Amino acid sequence: MTRNIKPNAADKIFNPIAKFLTGLGISLAGSRILAVRGRKSGEWRTVPVNPLTYNGERYLVAPRGHTQWVRNMRAAGGGELRLGRKVEAFEAVEVPDDEKPEILRLYLKKWAWEVGRFFDDVTAESSDERLREIAPGFPVFRLR
């Protein structure tokens, strides 16, 4: 079964606010708007995200799992990160599960206050083994 957590009522209020502010150029803890072409429509689809820098490279983590933006990213192979009028185009490469533990750990250290609920009992202090167990449910993309 592919993990895909749908937005709840609070998310349906918070996400548009985060998207609006980020669109104005006001980043919330490093937020950006991810724009990626729809795999069927070819139209731009947007969602607020939290890019992560680890060992000098940038990543996008999908805390809700295999969502629409993840499926679109796989098909498009890249997209744009937007903050106000600033647009940064990128190519994306999906990270293999064995490389995810430290990326997920850092992601949780930075944004557990926002996304921790999607990780159930897993925290930044969880073992590498536990992070490897959950890795298939959390797509990660390296940005170039």
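Results, tabulated for the structure shown:
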item: First in the stretch 1-18 and under 21 Å from R71 (Cα atoms) and among the aliphatic types (A, V, I, L, M), second anywhere and modelled with pLDDT of 90 or more and in a strand (DSSP E or B), Cβ under 9 Å, 6 or more apart; result: I5/G65
item: In the stretch 65-119, the residues that are under 15 Å from W44 (Cβ atoms), touching a Phe, Trp or Tyr at 6+ places or on another chain (Cβ under 8 Å) and part of a helix (DSSP H, G or I); result: M73
item: Identity of the residue in the stretch 69-85, touching a strand residue (DSSP E or B) at 6+ places or on another chain (Cβ under 9 Å) and either free of Cβ contacts under 8 Å to residues at least 24 places away in the same chain or basic (K, R) (or both), that ends up farthest from R3 (Cα to Cα); result: R82
item: Condition broken by G42, with the remaining ones in (1) on the phi > 0 side of the Ramachandran plot; (2) in contact (Cβ under 8 Å) with a residue 40 or more places away in the chain satisfied; result: (2)
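The values are calculated or read from the model by the stated rules, or taken from the named source; none is laboratory data. For clarity, every value in this text was computed on a predicted model and none was experimentally measured. Every residue, glycine among them, receives a Cβ derived from its backbone with ideal geometry; neighbour counts consider all protein chains shown.
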